[in-house]
Amino acid sequence: MKKLMALLIVLAMVFSLTACGKKDDTNQETTAEDNTNDNIIADGNILPGGDFSESNTHWNIYKESGGSGDFEISDGELKVKIKNPGKKSHSVQIYCDGFELLQNSKYKLTMVVSSDVERTIEWRAQINGGDYHAYAGEQEILIGPDKKTIVSEFVMQEGSDPAPRFCLNMGFDKLHPDLAEHNIYIEEAILEIVDSSSAVEVDTDTGEVEINVNQLGYKPDDVKKASFRTAGKDDTFEIIDANSKQVVYTGKVEGERYSPGARETLAYADFTDFKTPGTYRIRANNSGESYIFNISEDVNAAAFKDIVRMLYLQRCGTELTEELAGDFAHKACHTQIATDYVTGEKVNVSGGWHDAGDYGRYVVSGAKTVIDLLNAYEMYPEVFTDDYDIPESGNKVPDILDEARYELEWMFKMQDSKSGGVHHKVTGKEFEGQVVADKDDTELYLMELCKWDSADFAAVMARASVVYKQYDKSFASKCLSAAKKAYKYFYEHKNETSYKNPEDVSTGEYPDGRSADEELWMCAELYKATGDQTYHKVIKEYVFDEDIDSGLGWATMDLYGIYTYLTSPDTDEKAYANMKSRFKEVIDEIVTNVEGDGYNVSIGADFCWGSNMNVANNGILLLWADKILGDKDYTAYAKQQMDYLFGNNALSYSFVTGYGEHASKNPHHRPSLALEKTMKGMLIGGPNKNLEDPYAKTVLAGVVPAKCYRDSSQSFSLNEITIYWNSPLICLMAAFV
């Protein structure tokens, strides 16, 4: 998967958003007095680098809503240059991460601050995620040219937080609304523990157990294996009925295999020949018990339906009724007319799916999602019925195609009618707050046309023209016509550089420095749809770059193109051989990883942002391999990827919300956070060894790659969800429903 560094940098800044103006109910004793000479000693300061004796990475600046400025640390002082205070109190914010707050502990904050001009600031000790509410804080602290010592005590009354944020809001000042450029100076920021006698330590129990299974369960005829975290700890195991507690099966614990990502040596309990439907646990004398699992013929059905329906619940621009959406019902959202960022034109681009934990809508991620759905339908048409409880159910079209069409109809709106080019995204300039969708009144902007989006659009529209032909010939024809227009735009703008956010836009960037893979996919789809040799010529001349990643992410489309071409009716012998060889190289590497890991996970130790997507993607590739190569039981390897995602992993987590006794419950997902209820059927991102948000950096330093995960809504790089993580899981699970 191509590296997402530009996007990650943007996100890391964006998600420091605070919930300003919220009434704080913590127990505080606050004093503020002028002081020009006090020498405050920073012994016991839990704010890293708060004495400002040298530059450090714990302090940083966040800007949004027109705010601009910068800062420097030198000579025992943090100096903040406010160039524009922006529109909100946190439009310019200095913040510090890397400490913890313990429930029932009493803390004392001492700061020495001054400013070139008279103004107010606000300090906050806050949750660094979710609704970003304050644990403690003080608003409208008046400062000026004379140094002021601010002293405040508070008791942490909420649950212990291993990764909060301390911040100073220095943006818009309602008492001084016409601030010009000025500087704010902080000589020291000291947070000390005054009394920890009743402190509640941070809960470090992650719920790991010694015996791991697919917590969703198994069909009677499935291969069924439990993983024992420590080889040699037990020789035998029992299956016990979860209700009666009776032993129903016994067997041997055998084998020994190392997991490089988890750094564990595992053994296994094979109970494939136990087929009796029921609810069970695995138990062993020294390793304890597994989480609950089921055996039944329809064991995957309920989860699969919710995983598909997650897309319906992510719909934008339409009412979600209580009858169909339950707690996640809302009125039509984001129906406001968007402004074309380049031309200023007002455009209606309502519809589509909310991309992820935020409410942005992006073409590249939408295209990846739709192609996964269309591939799933073409591979396993018998699985997809017309009764998934969406508005279109009962219209004699498989609901998976109705759902994909909802996104395709939005994508039509993203295409420029004159040039055929496709806009990159529609979002606000910043990410919205933690609100339900129909309460988000963010001003929307339609961002510039982009050749990458145009190629992805052309590819997925070409495939849609094939898939929908039997259900709606007029719609299929419209898809093909739109695809050809986007294809034309791509070649007219082939020298265009990757999309880059303007300076005042901080929503997801989705950058991509290479377009040859999108070109291959586009031409493969158009060739398969039309048989036109113009598209075939590009395929026959395609040269693979050996340095690129070969995944199925939104930025790496080679393998989508390869699969489409290898399953086309008329192919060139040399081009076919070339692509099949490349495909086999990828599959061989995946198989090597599966066979070389104790948990049979296909990504080795490369646990990056969205690692669970890569696991599901590799499951799809293995299913394709059964069809294209056929020299191994690749489907068995694919099933192991599904087992991993539902609990047979180093963390003992089912990474699908709502399914599994020990499933992720705290996703970084605005509707779930706003309603305080977790949407079912969402695949979360999973372990990420790169520690790419403040929570992960604080909590997971030194943790082995496969265990770099915590179930916290504060961690967007571990626990966010997206439509294009659910879509490969849909395609993978379709093989086993």
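Among the residues of segment 79-94, those that are surrounded by 24 or more Cβ atoms within 10 Å (Cβ to Cβ) and under 14 Å from Ile184 (Cα atoms) comprise Ile82, Pro85, Val92, Gln93. In segment 697-721, the residue that is nearest to the chain's Cα centre (by Cα) out of those that are of a type in the set (S, T, N, Q) and within 17 Å of Gly658 (Cβ to Cβ) is Asn719.
The sole residue among Ile240, Ile282 that is aliphatic (A, V, I, L, M) and over 27 Å from Pro687 (Cβ atoms) is Ile240. If the Cβ limit is 8 Å and pairs must be 6+ apart or interchain, which residue in segment 639-653 that is farther than 17 Å from Gly610 by Cα pairs with which residue that is in a loop (DSSP other than H, G, I, E, B) and of a type in the set (Asp, Glu)? Pairs that qualify, where the first residue is farther than 17 Å from Gly610 by Cα and the partner is in a loop (DSSP other than H, G, I, E, B) and of a type in the set (Asp, Glu), are Lys639/Asp222; Ser652/Glu208. Counting only helices (runs of 4 or more DSSP H) that fall entirely inside segment 462-568 and contain at least 3 residues that are at pLDDT 95 or above, open to solvent by less than 30 Å² (accessible area, probe 1.4 Å) and closer than 20 Å to Asp416 by Cα, the qualifying elements are 473-492, 516-530. Within segment 715-732, residues that are farther than 20 Å from Arg315 by Cβ reach partners that are in a strand (DSSP E or B) with beta carbons closer than 6 Å, at six or more positions or on different chains, in the pairs Phe716/His668; Asn719/His668; Asn719/Ile684.
Just one of the listed residues (Gly255, Gly232, Gly261) is in a strand (DSSP E or B) and modelled with pLDDT of 95 or more, namely Gly255. If you filter segment 211-254 down to residues that are free of Cβ contacts under 8 Å to residues at least 24 places away in the same chain and of a type in the set (S, T, N, Q), you find that the one that is most open to solvent (accessible area, probe 1.4 Å) is Gln246. Annotation: Asp221 fulfils all but one of (1) in a loop (DSSP other than H, G, I, E, B); (2) out of contact with any Ser or Thr (no Cβ under 7 Å at 6 or more places or on another chain); (3) more than 30 Å from Asp387 (Cβ to Cβ); the unmet one is (3). All conditions but one from (1) of a type outside the set (A, V, I, L, M); (2) over 35 Å from the mean Cα position of the chain (by Cα); (3) within 19 Å of Gln641 (Cα to Cα) apply to Asn286; the one that does not is (3). Pairs meeting the criteria (first residue in segment 349-363 and in contact (Cβ under 8 Å) with a residue 12 or more places away in the chain and under 14 Å from His424 (Cα atoms), second residue surrounded by fewer than 24 Cβ atoms within 10 Å (Cβ to Cβ) and among the basic types (Lys, Arg), beta carbons under 9 Å, at least 6 apart or on different chains) are Val349/Lys413; Gly352/Lys413.
Within segment 81-91, at least one residue is closer than 27 Å to Asn666 by Cα and of a type outside the set (Asp, Glu). For segment 394-437, the candidate set comprises residues that are more than 23 Å from Tyr362 (Cβ to Cβ) and crowded, with 16+ Cβ neighbours inside 10 Å; within that set, the residue that is nearest to the chain's Cα centre (by Cα) is Asp399. The conditions of being closer than 22 Å to Asp597 by Cα, at pLDDT 95 or above, part of a strand (DSSP E or B) and of a type in the set (S, T, N, Q) are not met by Thr250.
Among the numbered conditions (1) farther than 20 Å from Asn614 by Cβ; (2) modelled with pLDDT of 95 or more; (3) under 15 Å from the mean Cα position of the chain (by Cα), the only one that Leu673 does not meet is (2). If we scan segment 161-174, do we find a residue that is among the acidic types (Asp, Glu) and part of a strand (DSSP E or B)? Yes, segment 161-174 contains a residue that is among the acidic types (Asp, Glu) and part of a strand (DSSP E or B). Among the residues of segment 175-192, at least one is assigned to a loop (DSSP other than H, G, I, E, B), free of Cβ contacts under 8 Å to residues at least 24 places away in the same chain and open to solvent by 10 Å² or more (accessible area, probe 1.4 Å). If Gly44 satisfies every condition in (1) at pLDDT 50 or above; (2) within 25 Å of the chain's Cα centre (by Cα) but one, which is the exception? Checking Gly44 against (1) at pLDDT 50 or above; (2) within 25 Å of the chain's Cα centre (by Cα), the one that fails is (2). All conditions in (1) over 30 Å from Ser160 (Cα atoms); (2) open to solvent by 30 Å² or more (accessible area, probe 1.4 Å) hold for Thr204, with the sole exception of (1). Close Cβ contacts (under 6 Å, 6 or more residues apart or on different chains) running from residues in segment 514-528 that are touching a residue at least 12 places away in the same chain (Cβ under 8 Å) to residues that are part of a helix (DSSP H, G or I) and hydroxyl-bearing (Ser, Thr, Tyr) comprise Trp521/Tyr560; Cys523/Tyr535; Ala524/Thr564; Ala524/Tyr565; Glu525/Thr564; Leu526/Tyr535; Tyr527/Tyr535; Lys528/Thr564. Scanning segment 269-288 for residues that are open to solvent by 80 Å² or more (accessible area, probe 1.4 Å) and free of Cβ contacts under 8 Å to residues at least 40 places away in the same chain yields a total of 1.
Of all residues in segment 145-160, those that are open to solvent by less than 10 Å² (accessible area, probe 1.4 Å) and in a loop (DSSP other than H, G, I, E, B) total 1. For segment 593-624: of the residues being farther than 16 Å from Pro728 by Cα, assigned to a loop (DSSP other than H, G, I, E, B) and not small (Gly, Ala, Ser), which is farthest from the chain's Cα centre (by Cα)? The residue in question is Asp597.
Every residue, every condition in (1) open to solvent by 50 Å² or more (accessible area, probe 1.4 Å); (2) among the hydrophobic types (A, V, I, L, M, F, W, C); (3) more than 30 Å from Asn243 (Cα to Cα), yes or no:
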residue	(1), (2), (3)
Ala267	no, yes, no
Ser290	no, no, no
Ala301	no, yes, no
Phe304	no, yes, no
Ile307	no, yes, no
Tyr312	no, no, yes
Ala325	no, yes, yes
Ala329	no, yes, yes
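The values are calculated or read from the model by the stated rules, or taken from the named source; none is laboratory data. Note that the coordinates shown come from a computational prediction; the quantities given were computed from them, not determined experimentally. Note that each Cβ is placed from the backbone with ideal geometry, even for glycine, and that neighbours are counted across all protein chains shown. Keep in mind that these areas ignore ligands, DNA and RNA; they rest on the heavy atoms of the full protein, side chains included. Shrake-Rupley method; radii C 1.70, N 1.55, O 1.52, S 1.80 Å.
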